[in-house]
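Since the structure comes first, as structure tokens, the remarks are kept for the end.
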Amino acid sequence: MNEVDTAGAIIIPNLPWIIGGGLLIGAMGVAGWIFTTWLRVRHGYPLDGVWGQAIYPQKNEEVVERIRLLSQENAQLRAEIGSMKDRLAVVERIVTDESHQLTREIERLRGPAN
């Protein structure tokens, strides 16, 4: 038996384990890269560019103003959605109430008859 046959006799039966191990190491590398990127973003560290240079997030006056305007618009839209939810609750109550109960409530709101 020569050297090539001996190596083939060892590698071929263990080929699924070798391939699986390689895939596992590759998956662990990708997962580690994702995790470290997540940590950098979370703690405000710069990210790496294509050639390893640090990429800092841009923070100039225009970006700050845009964020402020978007936050203000977001607050206005949330307030509008809140009022729409209140209106929808009233409409749902009107639609699902029985007619005699709705009539009594309307008469109660009109006040005493003179």
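I'd like to check one number: the per residue accessible area of the chain, probe 1.4 Å, reported in Å² as a whole number.
With the other protein chains kept in place, the chain gives 95 Å² per residue.
Roll a 1.4 angstrom probe over the protein heavy atoms and tell me the percent of accessible area of the chain that is carbon or sulfur.
C and S fraction of accessible area: 64 percent.
Quick one: Debye curve from the C-alpha atoms of the stretch 69-114, no solvent, what's log10 I(q)/I(0) at q = 0.18, 0.20, 0.24, 0.28 Å⁻¹?
Values, matching the q order: -0.67, -0.73, -0.85, -0.94.
Among rounded, prolate and oblate, which fits the stretch 37-88 when a ≥ b ≥ c are the square roots of the eigenvalues of its C-alpha gyration tensor, a/c under 1.5 means rounded, and a/b larger than b/c means prolate?
Prolate shape, in that a/c is at least 1.5 and a/b is the bigger ratio.
HN-Hα J couplings of the stretch 66-81 from phi, Karplus 6.51/-1.76/1.60, θ = phi - 60°, integer Hz, Gly and Pro as x?
Working through the residues one at a time gives 5, 5, 4, 5, 5, 5, 5, 5, 4, 5, 5, 5, 5, 5, 5, 5 Hz.
I need the chymotrypsin sites (Phe, Trp or Tyr not before Pro) found in the stretch 20-114, filtered to DSSP loop residues with at most 11 other beta carbons within 10 Å of theirs.
Sparse-neighbourhood loop chymotrypsin sites (Phe, Trp or Tyr not before Pro): Trp51.
Within 10 Å of each candidate Cβ there may be at most 13 other Cβ atoms; applying that plus a DSSP loop requirement, which GluC sites (Glu not before Pro) in the stretch 13-114 survive?
The qualifying sites are Glu98.
Mind pulling the per residue volume of the convex hull built on the Cα atoms of the chain? Å³ is fine.
Measuring per residue, one finds 256 Å³ for the Cα hull of the chain.
The stretch 47-114: which trypsin sites (Lys or Arg not before Pro) are DSSP loop and have at most 13 other beta-carbon atoms within 10 angstrom?
Passing both the DSSP loop test and the Cβ count: Lys59.
Along the Cα→Cβ direction, 7 angstrom out, place labels at Ala79 and Trp17. What is the inter-label distance in nm?
Rounded to a tenth, the inter-label distance reads 6.9 nm.
The values are calculated or read from the model by the stated rules, or taken from the named source; none is laboratory data. Bear in mind the structure is a predicted one, so any value in this text is a computation, not a measurement. Reconstructed Cβ throughout: ideal geometry from the backbone, glycine too, with neighbour counts over all protein chains shown. Keep in mind that these areas ignore ligands, DNA and RNA; they rest on the heavy atoms of the full protein, side chains included. Shrake-Rupley method; radii C 1.70, N 1.55, O 1.52, S 1.80 Å.
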